[in-house]
Amino acid sequence: MPSSARRAAAAGVSSAITLVLVTACGSGSAASSAGSADKLPEAPAAQRLAGVCPKTVVVQVDWEPEAEHGPLYNLVGPGYTVDTGKKRVTGPLVTGGKDTGVDIQVRAGGSAIGYQTVPSQMYVDKSITLGTVTTDLAISASVKQPVTAVAALMKKSPQVLMWDPATHPDWKTIADIGKSNAKVVYVDGSTYASLLVDKGLIKKSQLDGSYDGAPARFVSNPGIAQQGFATAEPYIYQHEVTAWKKPIKYQLLADVGYNVYPESLSVRSGELKSLSPCLKKLVPILQRSAADFAAKPSATVKLISDLVQQYNTGWVYSEGTGTFAAGQMVKLGILGNEADGSLGGFDMKRVASALKTFTPLVEQSGAKVKPGLSAQDLATDEFIDPSIGLK
């Protein structure tokens, strides 16, 4: 199944996704292991996490294994174990091939957590150290499940609206879609849809919230526009959807005002201070891992593809898609440096702008936003090493 429905679940519309995705098979756990960590050299003192971080740094991601989470899976060293029941991988946390002295556990989202949001899972299970949370979701969770982002997993959202260029040769942008009466098929409840209407780019009458993640409707009716991801659908539709096998066109939502930081690595806000000694060392390691993944993604993409097969949830993600995604992330600036040259940092003016933009949209959806919520509540650059970036 193509990946377009994936992060809509993380954005709080799990009920729509639950109906259409295949859930995990069985409830038992089975473990497998790979490689040996016996000969890993120790990381230098500045990168040794033992004693300042939890013995296992637990990261809860919002969806199944995919290349957008590559910087996290890139930290998993040899000797890792895979729990196919709980959909998680655990191994030594490595940087530059060296052991930091603690383990990392990356937990799948989606069916593995019953399609719950990451903030809700973080507050149910306090063993989670970090979770991947997009800015608009952090705003909507601010009253009962407040989280603060400490590193940006991606600079901008890979989410797009896509269309068939043969059917619509005159469409170049999302605004062109809005000049037509074509249906825009998306997952109901996605905040960006309200944003597009609010900005006058799409008419409310065009919205069709019935998207189920499958390509059948687009293939049978290429007159529609459809949500997707720049990191997946262009490859999947051209190479893996046998009834299509041709290019699609798209525009990034990030280019028309969807200015969130997607899937930022976040902690429970109340634990920011107590985790600070750990984060001072861990966040630069996460930054380096992102740079290393961007430069050489192949081994991590293979791990991601292997985990997808072992988890066997119905999620389909080929090595080819992962390789394409890793390249697209760099090509399109989805994984890229901020203006100061740092990778994984935040433009706090942009965070403040997102807060201003999405607070009324979140409230329109029925969620409550914490009174007086500030950009500093949502994100911090305190732990970012500005010298670490893509070359």
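Results, tabulated for the structure shown:
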item: Where V147 falls short, out of the listed (1) among the β-branched types (V, I, T); (2) outside the structural domain of L282 (by TED's automatic domain parsing); (3) buried (at least 24 other Cβ atoms within 10 Å of the Cβ); result: (2)
item: Near pairs, Cβ below 6 angstrom, 6+ apart or cross-chain, from the stretch 197-223 (closer than 20 Å to A166 by Cα) to any residue that is among the charged types (D, E, K, R) and not in a helix (DSSP H, G or I); result: P222/D164
item: Residues of the stretch 252-267 satisfying the condition of being surrounded by 20 or more Cβ atoms within 10 Å (Cβ to Cβ) and either among the basic types (K, R) or part of a strand (DSSP E or B) (or both); result: S264, L265, S266, V267
item: Matching option when the condition is over 30 Å from R268 (Cβ atoms), surrounded by fewer than 19 Cβ atoms within 10 Å (Cβ to Cβ), free of Cβ contacts under 8 Å to residues at least 24 places away in the same chain and out of contact with any helix residue (DSSP H, G or I) (no Cβ under 7 Å at 6 or more places or on another chain), among K391, K331; result: K331
item: Breaking point among (1) within 22 Å of S305 (Cβ to Cβ); (2) surrounded by 22 or more Cβ atoms within 10 Å (Cβ to Cβ), for S140; result: (1)
item: Residues of the stretch 338-388 satisfying the condition of being more than 23 Å from L275 (Cβ to Cβ), without any contact (Cβ under 8 Å) to a residue 60 or more places away in the chain and aliphatic (A, V, I, L, M); result: A339, A352
item: The listed residue being crowded, with 20+ Cβ neighbours inside 10 Å, modelled with pLDDT of 95 or more and outside the structural domain of A214 (by TED's automatic domain parsing), out of A325, A295; result: A325
item: Some residue of the stretch 92-103 being under 17 Å from the mean Cα position of the chain (by Cα) and surrounded by 24 or more Cβ atoms within 10 Å (Cβ to Cβ); result: no
item: Scan of the stretch 143-167 for residues that are farther than 30 Å from I388 by Cα and of a type outside the set (D, E), ordered by number; result: V143, K144, Q145, L161, M162, W163, P165, A166, T167
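The values are calculated or read from the model by the stated rules, or taken from the named source; none is laboratory data. Please read these numbers as outputs of a predicted model, since none were measured by experiment. Quick reminder, even Gly has a Cβ in these numbers, built from the backbone with ideal geometry, and neighbours come from all protein chains shown.
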